[in-house]
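**Student:** Have a look at this one before I ask anything.
The values are calculated or read from the model by the stated rules, or taken from the named source; none is laboratory data. No experiment lies behind these values; they were computed from the predicted model shown. Neighbour counts run over all protein chains shown; Cβ positions are idealised from the backbone, glycine included.
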Amino acid sequence: MQKLILLASSLLLMNQGFSQTLTPGINLSYIDSSANPRNDIYKFANGKWLNTQKIPASDGSWGSFNEINERNISNLKALISVVSADMKALPGTNNQKLRDFYLMAIDSVKADKDGIKPINTDLAAIDLIKTKNELIKKSAQLNKKGVGGMIGFYVYSDFKNSNVNACYLTQTGLGLPDKDFYFEPQYESVKNEYADHITRSFECSGNYPESAKAASAAIMKIETELAKISQNAVEQRDPQKQYNPYTKAELIKLSPNVNWDIYFAAIGIKTPANLILNQPKYYEGLNALINSVSIADWKLFLKWNLIKTASPYLSNKFVNEDFKFTGTILAGKKEIKQRYKRAQASTDEALGEALGKLYVDKYFDANSKKRVSEMVDNLIAAYRVRIESRDWMSPETKIQAQMKLDKIIKKLGYPDTWIDYTSLTIGKESYWKNVSAGREFQYKRMLNKIGKPVDRMEWGMTPPTVNAYYNPTSNEIAFPAGIMQVPFFDVNADDAFNYGIMGSIIGHELTHGFDDQGSQFDADGNLKMWWTETDYKNFKNKTKLIIDQFDSYVAIDTLHVKGELTQGENIADIGGLTMAYYAYQKSLNGKKSPVIAGFTGEQRFFIAWVQGWKTLVRDAYLRQMIATNPHSPGNFRAFGPLSNMQEFYDAFGVKVGDGMFRPAEKRVNIW
C-alpha cells in the first residue's frame, strides 16, 4: 500500500507579498487508513464516517446533501421566525404571505380541529358527478390544485422549436413509484401495503371499513389498468419517443371518449390546436377505460387522488397515515420530520423565490458566486480541449459540440428577476387552502406561457435548494445558492478540494449536454441530430460500456443497479470528474501540486469527490431508488467513475490485481 502520512491540515501560500491559509478541504477524520485506496477508495475516504454515523430516524438516507440541507433548514428557520413574528406586515406583501402560510402550516391544533373539512367541498363536488363530461371537468379543476387524475397536462418549451412554449400531454394516475411496482413479484408486498394504505385513508375520511376496502379494490383495479398502458422509468428516457405531435383533430380521433373541450375549458384555456403527446398509447388506452370503468369507480379514483395529495396538509391522522406508507414502507423512515421542517419545505414550494430572496440576502456569500463562476469558465475551457482530443469524433461534429459550449447559459445562486407573487392570496382559513392556492398560482403561471416565447432566464429550482441541474431545451446549467457550501464548496479550501467536488458537479451538469439524452439536443436546445451518423454510432457504442459496468453492481441482495436507467447520470459523473481534473491541472499553471496533510493535490482531488458521495441508505429507500431513480446509489457514484480513469490510477498507484483496477478494454472513455 502506498504510504499516506497525515501531516498539517492547512497550506500557507505566499502570493505577491501577502499570505493566505487554505485548508485541505477534505475531512481527515473520515479517512480509514487501514483500508487500501487502491482496493476500496470509498472505504478509505469515508470508512470512519460510515462506521460512526447513523441515519436519522426521519430520513431514508443520509449523506452530504442531507448535511447541507439541515444547515439550510436551520438558516431558514431563523429567517421564518422573524417573518412569522411580524404582525405589522402589510396585506399583500411577500412577508404577509410568508408569515400566514407558515403560521397555518405550523398550526397542528387548528389542522386537527378542522379534520377533513378543508377538502369537503371538493369531495362533495365529486359525489355530484353523474356523467363522463362532469368527471373530466372535475378532474381538470383538481389538476389546477396539483391533484392528479387521469389526464396529465403541462406547458414546456417545444423539443423541436425551443424558443416556443408547447402544450404537452403525459401519462399519469399511478400512486406507486413506477408501473413495474404493479406487476413485478419483488414489489408485491409494497403493492399490498399500498392497497391497505388506501383503505385506511378512506377510513380516516369517514368511510366504514367495508366500503373503504371496496374503494381500495376499485382504485387498485383502475391504477393497474393505467399501469398497463404506461411506460416505466427506463422507457421514458428516449426524448425522440416522447415527442409525438398531434393536432386537435388527431387527439380527438385517438381518444374520442375524452371531451377535450370540456377539460381545457375547465383549466382555463381553449383546446390547443396542436399538442405533443409523450405517450400516445396511454391516451389510446385511457379512451377505452373512460367507458369500461364505471362513473362510480372513477369518482373513487378522483377522491383518492384528492385525499392522497391533501393528506400531508390535513389533521394528524391523515398526516400519519400518509407517512406510514410514503415514509416508512417506501423509504424505511422510522419517524416523521418535525412539523416546522415540513412547514418550511411547503413554504419553499409555495413561495420559494420570496423565501429565497431573504435567504440570499442573509446567507449567500458573493465571493462564493464569483469563485464558482470562475470554476465554470475553467470547466468549459477544459471541455473545449477535451472535445478536440476525441479521436472518435469527426471535425464536423466537434464544431457543433463547441458551438453548444459557446451558447450555454450559466445561472449561479439566484435569478436576476424574482417571481411576482402579487396575484397569490394567502390567508388563515386552512393549511391545505394555502397549499392549493400556491399550486393554482404556479399552474396559472404555466398556462400564461402558452403562445409566448420561452423565458430562458427562468429558474427551475429555488435559491436554498441543495442541488443543480442542466436543461437541454435551453442549454443551461444552474447552481442554486444552497449547494455552494461545505462539503461541496469551501471558499477557504485549496483548489484540489473545490475542483474535486464542486468542479466535478459543474462538469457533471455540463456533461448532461452530451449524455444519452442531452446529446440529442443541439446548441439552441432543439431535439435535432447534430452528429454525423458514424460519430453518433461511436458514441452509443461507448455508452454501452457504462451500461454494462453499472448493470454489474449489486445494490442489495440480488438487486442490481439499472445501467440503462442511470446511464445519463453515470456519463455525467465520469465526464464531470474528468473535466474537473483537467481544469484543476490547468489551475496549477504547470507547477507540481502542493502536498497538504500528506496528500498530493491529485489525491485530495479524488478524495474530495469520494467524500462528497458518502452515503448511508435504508433498504426500503434503496429498493425504490433502484427502481425509479436515474441516479446510481452514492457509493457506486463515488468509485464507479474512478475505476475508468487512468488519472486516478496514477494518483494512487493502482495496478493490475487491485480492487479498483478495471481492464483497459472495459474502461469508459467518452469525454
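**Student:** Only residues that are more than 17 Å from the chain's Cα centre (by Cα) and part of a helix (DSSP H, G or I): list them for segment 508-534, please.
**Tutor:** Selection gives PHE514, SER519, GLN520, GLU533, THR534.
**Student:** Quick one: is SER74 within 27 Å of LEU314 (Cα to Cα), touching an Asp or Glu at 6+ places or on another chain (Cβ under 7 Å) and among the hydroxyl-bearing types (Ser, Thr, Tyr)? Can you show your working first?
**Tutor:** Values: within 27 Å of LEU314 (Cα to Cα): yes; touching an Asp or Glu at 6+ places or on another chain (Cβ under 7 Å): no; among the hydroxyl-bearing types (Ser, Thr, Tyr): yes.
Here the answer is no, as SER74 does not meet what is asked.
**Student:** Shifting gears a bit: Pairs under 6 Å by beta carbon, first residue outside any helix (DSSP H, G or I) in segment 309-323, partner crowded, with 18+ Cβ neighbours inside 10 Å, six or more apart or different chains?
**Tutor:** Note: pairs meeting the criteria are SER315/ALA111.
**Student:** With the condition kept exactly as written, say whether any residue in segment 184-195 is of a type in the set (S, T, N, Q), modelled with pLDDT of 95 or more and under 30 Å from ASN471 (Cα atoms).
**Tutor:** no
**Student:** Hey, another quick one. Can you name the residue in segment 425-454 that is hydrophobic (A, V, I, L, M, F, W, C) and under 27 Å from VAL164 (Cβ atoms) and is also nearest to the chain's Cα centre (by Cα) among such residues?
**Tutor:** MET446
**Student:** May I pose another question? Could you say which residue among ASP490, ASP494 is modelled with pLDDT under 95, surrounded by fewer than 24 Cβ atoms within 10 Å (Cβ to Cβ) and not aromatic (Phe, Trp, Tyr)?
**Tutor:** Of the residues listed, the single one that is modelled with pLDDT under 95, surrounded by fewer than 24 Cβ atoms within 10 Å (Cβ to Cβ) and not aromatic (Phe, Trp, Tyr) is ASP490.
**Student:** Going by the conditions given, is TYR246 outside any helix (DSSP H, G or I), outside the structural domain of HIS631 (by TED's automatic domain parsing), among the aromatic types (Phe, Trp, Tyr) and at pLDDT 95 or above?
**Tutor:** yes
**Student:** Now for a separate question. Take the residues in segment 96-120 that are farther than 29 Å from ILE483 by Cβ and β-branched (Val, Ile, Thr), then tell me which one is surrounded by the fewest Cβ atoms within 10 Å (Cβ to Cβ).
**Tutor:** VAL109
**Student:** Further question on the same structure: Please go through (1) modelled with pLDDT of 95 or more; (2) at positive phi; (3) surrounded by fewer than 19 Cβ atoms within 10 Å (Cβ to Cβ) for GLY451 and return the number of the only condition it doesn't satisfy.
**Tutor:** (1)
**Student:** In addition: Test each condition in (1) without any contact (Cβ under 8 Å) to a residue 40 or more places away in the chain; (2) surrounded by 20 or more Cβ atoms within 10 Å (Cβ to Cβ); (3) under 28 Å from the mean Cα position of the chain (by Cα) for LEU226 and report the one that comes out false.
**Tutor:** Here LEU226 meets the rest and fails (1).
**Student:** Further question on the same structure: Going by the conditions given, is GLN236 modelled with pLDDT of 95 or more, part of a loop (DSSP other than H, G, I, E, B) and under 27 Å from the mean Cα position of the chain (by Cα)?
**Tutor:** No; evaluated as a whole, the condition is false for this residue.
**Student:** Which of the following residues is at pLDDT 95 or above, part of a helix (DSSP H, G or I) and either in contact with a strand residue (DSSP E or B) (Cβ under 7 Å, 6 or more places away or on another chain) or of a type in the set (A, V, I, L, M) (or both): ILE419, ILE387?
**Tutor:** Sole residue among the options that is at pLDDT 95 or above, part of a helix (DSSP H, G or I) and either in contact with a strand residue (DSSP E or B) (Cβ under 7 Å, 6 or more places away or on another chain) or of a type in the set (A, V, I, L, M) (or both): ILE387.
**Student:** Here's a follow-up. Which of the residues spanning segment 524-539 are of a type in the set (Lys, Arg) and closer than 25 Å to ASP406 by Cβ?
**Tutor:** LYS528
**Student:** Give me the residue from segment 344-357 that is small (Gly, Ala, Ser) and within 17 Å of THR309 (Cβ to Cβ) and, out of that set, surrounded by the most Cβ atoms within 10 Å (Cβ to Cβ).
**Tutor:** ALA350
**Student:** Does segment 24-48 hold any residues that are within 15 Å of SER64 (Cβ to Cβ) and either assigned to a loop (DSSP other than H, G, I, E, B) or outside the structural domain of LEU616 (by TED's automatic domain parsing) (or both), and which are they?
**Tutor:** To start, the set of residues in segment 24-48 that are within 15 Å of SER64 (Cβ to Cβ) comprises 25-27, 29-30, 42, 45-46.
Of everything in segment 24-48, those that are within 15 Å of SER64 (Cβ to Cβ) and either assigned to a loop (DSSP other than H, G, I, E, B) or outside the structural domain of LEU616 (by TED's automatic domain parsing) (or both) turn out to be GLY25, ILE26, ASN27.
**Student:** Scan segment 263-275 and give yes if some residue there is of a type in the set (A, V, I, L, M, F, W, C) and under 23 Å from PRO118 (Cβ atoms), otherwise no.
**Tutor:** Looking for residues that are of a type in the set (A, V, I, L, M, F, W, C) and under 23 Å from PRO118 (Cβ atoms), one finds at least one in segment 263-275, hence yes.
**Student:** Would you point out which residue out of ALA478, ALA401, ALA382 is in a strand (DSSP E or B) and within 19 Å of LEU510 (Cβ to Cβ)?
**Tutor:** ALA478
**Student:** Any residue that is touching a Leu at 6+ places or on another chain (Cβ under 7 Å), under 30 Å from LEU90 (Cβ atoms) and surrounded by 24 or more Cβ atoms within 10 Å (Cβ to Cβ) - is there at least one of those in segment 410-426?
**Tutor:** The answer is no, given that none of the residues of segment 410-426 is touching a Leu at 6+ places or on another chain (Cβ under 7 Å), under 30 Å from LEU90 (Cβ atoms) and surrounded by 24 or more Cβ atoms within 10 Å (Cβ to Cβ).
**Student:** May I ask you to list the residues in segment 285-314 that are in contact with a Leu (Cβ under 8 Å, 6 or more places away or on another chain) and either at pLDDT below 95 or basic (Lys, Arg) (or both)?
**Tutor:** Residues satisfying the conditions are LYS299, LYS303.
**Student:** Suppose we filter LYS317, LYS337, LYS369 for residues that are surrounded by fewer than 21 Cβ atoms within 10 Å (Cβ to Cβ) and at pLDDT below 95; which single one remains?
**Tutor:** LYS369
**Student:** Restricting the search to segment 427-444, which residues are basic (Lys, Arg) and within 16 Å of ASN94 (Cβ to Cβ)?
**Tutor:** First, the residues of segment 427-444 that are basic (Lys, Arg): 428, 433, 439, 444.
Scanning segment 427-444 gives no hits.
**Student:** Right, something else. Does ALA140 qualify as being within 21 Å of SER205 (Cα to Cα), of a type outside the set (Asp, Glu) and modelled with pLDDT of 95 or more? So that I can check it myself, show each step before the final result.
**Tutor:** On the way: within 21 Å of SER205 (Cα to Cα): no; of a type outside the set (Asp, Glu): yes; modelled with pLDDT of 95 or more: yes.
The answer is no for ALA140.
**Student:** (1) surrounded by 23 or more Cβ atoms within 10 Å (Cβ to Cβ); (2) closer than 30 Å to ASN163 by Cα: which one isn't true of MET457, the others all being true?
**Tutor:** (1)
**Student:** Can you find a residue in segment 86-95 that is assigned to a helix (DSSP H, G or I) and either surrounded by 16 or more Cβ atoms within 10 Å (Cβ to Cβ) or not aliphatic (A, V, I, L, M) (or both)?
**Tutor:** Checking segment 86-95: at least one residue is assigned to a helix (DSSP H, G or I) and either surrounded by 16 or more Cβ atoms within 10 Å (Cβ to Cβ) or not aliphatic (A, V, I, L, M) (or both).
**Student:** Right, next: Taking ALA212 as the residue in question, decide whether it is surrounded by fewer than 17 Cβ atoms within 10 Å (Cβ to Cβ), hydrophobic (A, V, I, L, M, F, W, C) and modelled with pLDDT of 95 or more. Please lay out each step first, then the result.
**Tutor:** Numbers: surrounded by fewer than 17 Cβ atoms within 10 Å (Cβ to Cβ): no; hydrophobic (A, V, I, L, M, F, W, C): yes; modelled with pLDDT of 95 or more: yes.
It is false that ALA212 is surrounded by fewer than 17 Cβ atoms within 10 Å (Cβ to Cβ), hydrophobic (A, V, I, L, M, F, W, C) and modelled with pLDDT of 95 or more.
**Student:** Next up: For segment 253-270, which residues satisfy the criterion of being assigned to a helix (DSSP H, G or I) and either buried (at least 16 other Cβ atoms within 10 Å of the Cβ) or at pLDDT below 95 (or both)?
**Tutor:** Listed by number, the residues that qualify are LEU254, TRP260, ILE262, TYR263, PHE264, ALA266, ILE267.
**Student:** Looking at segment 572-588, is at least one residue over 22 Å from the mean Cα position of the chain (by Cα) and among the charged types (D, E, K, R)?
**Tutor:** Looking through segment 572-588, at least one residue is over 22 Å from the mean Cα position of the chain (by Cα) and among the charged types (D, E, K, R).
**Student:** Right, next: Residues being buried (at least 16 other Cβ atoms within 10 Å of the Cβ) and either outside the structural domain of TYR243 (by TED's automatic domain parsing) or of a type in the set (D, E, K, R) (or both): count how many of those fall in segment 121-159.
**Tutor:** Residues flagged as buried (at least 16 other Cβ atoms within 10 Å of the Cβ) and either outside the structural domain of TYR243 (by TED's automatic domain parsing) or of a type in the set (D, E, K, R) (or both) within segment 121-159 amount to 8.
**Student:** Restricting attention to helices (runs of 4 or more DSSP H) lying wholly within segment 542-636, give those where 2 or more residues are of a type in the set (Phe, Trp, Tyr), in contact with a Leu (Cβ under 9 Å, 6 or more places away or on another chain) and buried (at least 24 other Cβ atoms within 10 Å of the Cβ).
**Tutor:** In segment 542-636, 601-612 are the helices (runs of 4 or more DSSP H) which contain 2 or more residues that are of a type in the set (Phe, Trp, Tyr), in contact with a Leu (Cβ under 9 Å, 6 or more places away or on another chain) and buried (at least 24 other Cβ atoms within 10 Å of the Cβ).
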